[in-house]
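*Asks:* Take this structure, written in structure tokens, and hold onto it; I'll ask about it next.
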Ligand SMILES: *Cc1c(COP(=O)(O)O)cnc(C)c1O
């Protein structure tokens, strides 16, 4: 997609966030836009960067590392939001600032061991399977607190919050209901003494509902870069 269109789209998404935060009586500054750049070119990422976008989300490790290296002169923050395979954890630990898709202690321990000493701790969100779909990654709600306590002990990781990817629905109230499950779970963990400041939820089709339920990071691809082919 051409650069000026990407930049116009970023402004439009910023406007959507602004309106949704007002409607939810929340501060605009509580919500960060993560531009999801999977399958997009380095050139398209530069276009978004020139519109002020600095945080980018990627799903495929090999593709992401190639772009991260190409774009190393830009001050970008990279978030890994894809499925995790054990043989890719070293690349993730080396190249990313955040991982949103942790659902096992095994992967958390590998990332903790492999996080380079010269980098700050890796920011972590635990992925929760709130729609209980087999095909989606993520932990069942009851398994989240025990994993959160384990991750809190790992020195090279910093537990930040929860992430979800609910089953798509066009119904705003259903969207809200799904996101409210993640919000309530986060509140429960905090009442148990787990420190969290992040709810990673909301994509192009449901970001308003996510913001209404307390999202602090919305992960937006299509509304910025157009439909994926
Ligand atoms: C692709 C993807 C997104 C972005 O989805 P859009 O509908 O294009 O905004 C967000 N989160 C995750 C985990 C994704 O894989």
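Each value in this text was obtained by applying a stated rule to the coordinates, not by laboratory testing. Please read all numbers here as calculations on a predicted model, not as lab measurements. Positions of Cβ are backbone-derived with ideal geometry, glycine not excepted, and every protein chain shown enters the neighbour counts.
*Asks:* Only one of (1) part of a helix (DSSP H, G or I); (2) within 13 Å of the ligand (Cβ to nearest atom) is not met by residue 163, so which one is it?
*Replies:* It fails just one condition, (1).
*Asks:* Test each condition in (1) closer than 25 Å to residue 216 by Cβ; (2) under 18 Å from the mean Cα position of the chain (by Cα); (3) surrounded by fewer than 21 Cβ atoms within 10 Å (Cβ to Cβ) for residue 52 and report the one that comes out false.
*Replies:* (2)
*Asks:* Which condition does residue 129 not pass, out of (1) touching a strand residue (DSSP E or B) at 6+ places or on another chain (Cβ under 9 Å); (2) more than 20 Å from residue 186 (Cα to Cα); (3) surrounded by 15 or more Cβ atoms within 10 Å (Cβ to Cβ), if it passes all the others?
*Replies:* (2)
*Asks:* Just one of the numbered conditions (1) assigned to a helix (DSSP H, G or I); (2) surrounded by 15 or more Cβ atoms within 10 Å (Cβ to Cβ) is not true of residue 149; which one?
*Replies:* It fails just one condition, (2).
*Asks:* How many of the residues in the range 202-225 are in contact with a helix residue (DSSP H, G or I) (Cβ under 9 Å, 6 or more places away or on another chain), within 9 Å of the ligand (Cβ to nearest atom) and assigned to a loop (DSSP other than H, G, I, E, B)?
*Replies:* 5
*Asks:* May I pose another question? Within the set of pairs 6 or more residues apart or between chains, which connect a residue that is in contact (Cβ under 8 Å) with a residue 12 or more places away in the chain and within 14 Å of residue 161 (Cα to Cα) inside the range 211-223 to a residue that is part of a strand (DSSP E or B) and near the ligand (Cβ under 10 Å from one of its atoms) with Cβ atoms less than 7 Å apart?
*Replies:* These pairs meet every condition: 217/34; 217/200; 218/34.
*Asks:* Oh, and also: Residues in the range 45-56: is at least one under 20 Å from residue 11 (Cβ atoms), in a helix (DSSP H, G or I) and within 16 Å of the ligand (Cβ to nearest atom)?
*Replies:* The answer is yes; a qualifying residue exists.
*Asks:* Continuing with the same structure: For the range 15-26, name all the residues that are out of contact with any strand residue (DSSP E or B) (no Cβ under 7 Å at 6 or more places or on another chain) and under 22 Å from residue 100 (Cβ atoms).
*Replies:* 16, 20, 21, 24, 26
*Asks:* Shifting gears a bit: What number of residues in the range 122-157 are in contact with a helix residue (DSSP H, G or I) (Cβ under 9 Å, 6 or more places away or on another chain) and within 18 Å of residue 77 (Cα to Cα)?
*Replies:* Of the residues in that region, 4 qualify.
*Asks:* Pick out the one residue from 184, 158, 136 that is part of a strand (DSSP E or B) and either within 11 Å of the ligand (Cβ to nearest atom) or surrounded by fewer than 19 Cβ atoms within 10 Å (Cβ to Cβ) (or both).
*Replies:* Just a single option satisfies the conditions, and that option is 158.
*Asks:* Could you tell me how many of the residues in the range 80-116 are more than 16 Å from the ligand (Cβ to nearest atom), under 16 Å from the mean Cα position of the chain (by Cα) and either in a strand (DSSP E or B) or without any contact (Cβ under 8 Å) to a residue 12 or more places away in the chain (or both)?
*Replies:* Here the count works out to 0.
*Asks:* Which one of the conditions (1) over 16 Å from residue 159 (Cα atoms); (2) buried (at least 17 other Cβ atoms within 10 Å of the Cβ); (3) touching a residue at least 24 places away in the same chain (Cβ under 8 Å) does residue 205 fail to meet, given that it meets all the rest?
*Replies:* (2)
*Asks:* Tally time: how many residues in the range 57-79 are free of Cβ contacts under 8 Å to residues at least 24 places away in the same chain, buried (at least 18 other Cβ atoms within 10 Å of the Cβ) and away from the ligand (no atom under 15 Å from the Cβ)?
*Replies:* Within the range 57-79, residues that are free of Cβ contacts under 8 Å to residues at least 24 places away in the same chain, buried (at least 18 other Cβ atoms within 10 Å of the Cβ) and away from the ligand (no atom under 15 Å from the Cβ) number 0.
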